[in-house]
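Report on one structure; see the data block that follows.
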Amino acid sequence: MKKLYGVMGDPISHSMSPVMMNDLFDLYEMDAAYVPFHVTSDGLETAVKGLKAIGVAGFNVTVPHKTDIMPLLDEIDPLAKAIGAVNTVKNQEGKLIGYNTDGRGYVRGLKEEIPSLSGQTVLMIGAGGAARGIYFSMAEAGVKRIDICNRTPAKAVELMKTCPFPVETEVFTIEKAEERLEQYDLLIQTTLIGMAPNIEEAPLSLKGIKPASFASDIIYNPLETKFLKEASSAGARTQNGIEMFVYQGALAFEIWTGLFPDTERMKENVLKQLGGYPC
Ligand code: ATR
């Protein structure tokens, strides 16, 4: 029987996951379909119960449900529990199990460019939901030092305190970070500042960036944010948010099917979809 997969969120019509995932099901000749589900916060509980009742094989969860879905699931993977957010659910013999592949997906994508992450001195910009997954997964991957700058430093301190993996961290303001930029090998931009339509915005000035450094942004719309443009013109290597998006999807696909998919093909698929995306 055909297996049902999907992604739930509000809004959901712009999601690139259905085309990306259905292409993989075709490629691997799997009898499955992946559908966007528009689920509002009011309807979340009913939607989860309904999907369980009809025997959904698995689904992704996106904004604004990543945290609110947790009490509605039967089990939560320890990393997702620590992060406090679920983006992937698998139906395991009638039980809905929640996972988080965002942070690990980010790390897998970054390793394509920087194979040995552990010795890097890292500055993370932002301390919200996306930052949490990335910080925990970087620490899990053995990165020894990750400093955090945030508009509200107290939120970064809170994030640091709840990390289950050993990592050294100093927290400071954005202004302080601008003065210390030359100390870092890797800058990770985790806020949504600079995302379309606000493409002229950046979370901080990169005047002091080291030319030999690497700058990474989780945003993929536009493909090159102001943050990445500035880093690139200072000589730094850069990576946009496409890899994170592709690898979080690849890890979800692997959780559901046991097969790690062709990420190059996924990337091409996403770039094709973004070609028609309003920037
Ligand atoms: P997400 O879950 O997408 O990461 P979030 O939890 O709202 O979103 O976090 C957004 C991040 O962007 C936070 O680090 C936030 O800083 P605060 O912790 O001070 O709120 C940061 N952010 C959002 N708007 C900002 C702005 N105008 N200037 C500086 N930082 C901003």
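For this structure, a couple of remarks:
- Condition met for residue 169 (touching a strand residue (DSSP E or B) at 6+ places or on another chain (Cβ under 8 Å) and within 15 Å of the ligand (Cβ to nearest atom)): yes
- All of (1) more than 15 Å from the chain's Cα centre (by Cα); (2) at pLDDT 95 or above hold for residue 124 with one exception: (1).
- Residue 239 being loosely packed, with under 15 Cβ neighbours inside 10 Å, of a type in the set (S, T, N, Q), away from the ligand (no atom under 16 Å from the Cβ) and touching a residue at least 40 places away in the same chain (Cβ under 8 Å): no
- Looking across 104, 151, 108, one residue alone is among the charged types (D, E, K, R), surrounded by 14 or more Cβ atoms within 10 Å (Cβ to Cβ) and within 16 Å of the ligand (Cβ to nearest atom). It is 151.
- Count of residues meeting criterion [within 13 Å of the ligand (Cβ to nearest atom) and of a type outside the set (A, V, I, L, M, F, W, C)] in segment 127-148: 5
- Residue in segment 143-151 that is under 19 Å from the mean Cα position of the chain (by Cα), among the β-branched types (Val, Ile, Thr) and over 20 Å from residue 237 (Cα atoms) present: yes
- Among the residues of segment 158-176, those that are surrounded by 15 or more Cβ atoms within 10 Å (Cβ to Cβ) and either under 21 Å from the mean Cα position of the chain (by Cα) or within 22 Å of residue 110 (Cα to Cα) (or both) comprise 159, 160, 163, 165, 167, 169.
- Residue match in segment 204-221 (condition: among the acidic types (Asp, Glu) and over 17 Å from residue 106 (Cβ atoms)): no
The values are calculated or read from the model by the stated rules, or taken from the named source; none is laboratory data. In this text, all values refer to a predicted model and were calculated from it rather than measured experimentally. Here the Cβ is made from the backbone with ideal geometry for all residues, glycine too, and neighbour counts use every protein chain on show.
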